[in-house]
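Participant: Supplied in structure tokens, the structure appears directly below.
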Amino acid sequence: MPPKKRPRANATSLKMIGRQVAAARVAKGLTQKQLAALVRLDEETIGSIEQGRRRLMPNVAELLDFHLGLPGLLTVAAHEMPDADVIPPWAEEFLEHEREAVAVSSYENQVVPGLLQTDAYAEAVFRSCVPVLGEEEIAGRTAVRVGRREILRRKEPVMLSFVIWEPVLLLRLGDREVHRDQLTHLRACSELPGVSLQIYPLKHSRHPALDGPFVLLETPDHQRLAYMETQRGSHLTSEPNEVSSVERIYAMLRTQALNPDETRAEFDRLLGES
């Protein structure tokens, strides 16, 4: 008998847990800012959890239970939360901000930035996931990823800057044709108005961004956000010190990376060898 399929997370379950967090916080006489400081998150993240816009991760739930004096209620709820939908709850808020952003700066050291992926490359990324995804989920996630490319040709001008670590371009996800088509697409994107694309070469003996990939966003009201994704979740923050730290890292990356013309020449070289 096949195992019972686990239900998917929905807005109702996320909002229910969020209300529990909010009620417990108020009962303790804490503000969102005070609770955020106790669990070492930013106020915006606590607000998103309470509003049901962000999935409550088990490690965060344990901290909340401790500081709110709860007997493991939130931890149990976090562990029993159904599987995430096609768009993980912890990524939904970021994608909303990305769609409306007036400026996006992205550093990648694992795969091609999502906004620059071809259909076939995006599918290859999701086929590499562990645990393995089903065909329906791969198709759904690929469709969402591909849909994000609309920002490249949005009517309202968007300033887009990308720095990609060289090993990403050497990794042949999919097959040779997928790899070549992705390089060709990157070369074409580098010519788009408002797009700056730079390769960070392997030859450097130092690297300012070894902690992983990130995205910097500027919203229409000029709020600055930093987004960092991990294996099982993400961190979206508007906290000035955190955003400033990530911005300094990105500035160093751009300074040390190949300039746009050198990057285009490197794409031509890689295409000549592929």
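Participant: Could you go through the range 249-267 and let me know if any residue there is closer than 30 Å to THR45 by Cβ and part of a strand (DSSP E or B). Even if it seems obvious, please write down each step before you answer.
Facilitator: Of the residues in the range 249-267, the ones closer than 30 Å to THR45 by Cβ are 249-254.
Subsequent filtering for residues that are part of a strand (DSSP E or B) retains none.
No, there is no match, as no residue in the range 249-267 is closer than 30 Å to THR45 by Cβ and part of a strand (DSSP E or B).
Participant: Something else about it: Only one residue in GLU266, GLU239, GLU229 is under 18 Å from LEU169 (Cα atoms) and either modelled with pLDDT of 95 or more or of a type outside the set (A, V, I, L, M) (or both). Which one?
Facilitator: Numbers: GLU239 fails: under 18 Å from LEU169 (Cα atoms); GLU229 fails: under 18 Å from LEU169 (Cα atoms).
One residue alone meets the criteria, GLU266.
Participant: In this structure, is ALA61 in a helix (DSSP H, G or I), buried (at least 18 other Cβ atoms within 10 Å of the Cβ) and not assigned by TED's automatic domain parsing to the domain that holds LEU173? Explain how you work it out, then say what you get.
Facilitator: Numbers: in a helix (DSSP H, G or I): yes; buried (at least 18 other Cβ atoms within 10 Å of the Cβ): yes; not assigned by TED's automatic domain parsing to the domain that holds LEU173: yes.
Answer is yes for this residue.
Participant: Follow-up question, since we're still on this one. Look at the range 99-122 and say how many of its residues are of a type in the set (Asp, Glu) and modelled with pLDDT of 95 or more. Show your work before the answer.
Facilitator: Step one: list which residues in the range 99-122 are of a type in the set (Asp, Glu), which gives 100, 108, 119.
Narrowing further to those that are modelled with pLDDT of 95 or more: 108.
So the answer is 1.
Participant: When you look at VAL104, is it more than 16 Å from the chain's Cα centre (by Cα) and either farther than 22 Å from MET252 by Cβ or assigned by TED's automatic domain parsing to the domain that holds PHE214 (or both), yes or no? Full working, then the answer.
Facilitator: Working: more than 16 Å from the chain's Cα centre (by Cα): no; either farther than 22 Å from MET252 by Cβ or assigned by TED's automatic domain parsing to the domain that holds PHE214 (or both): yes.
Judged against the criteria, VAL104 is not a match.
Participant: Quick one: count up the residues across the range 186-216 that are touching a residue at least 60 places away in the same chain (Cβ under 8 Å), closer than 15 Å to GLN117 by Cβ and touching a Phe, Trp or Tyr at 6+ places or on another chain (Cβ under 8 Å).
Facilitator: The total comes to 6.
The values are calculated or read from the model by the stated rules, or taken from the named source; none is laboratory data. Since the structure is predicted, the reported quantities are computational estimates derived from the model, not experimental observations. Using ideal geometry, Cβ is built from the backbone for each residue, glycine included, and neighbour counts are taken over all protein chains shown.
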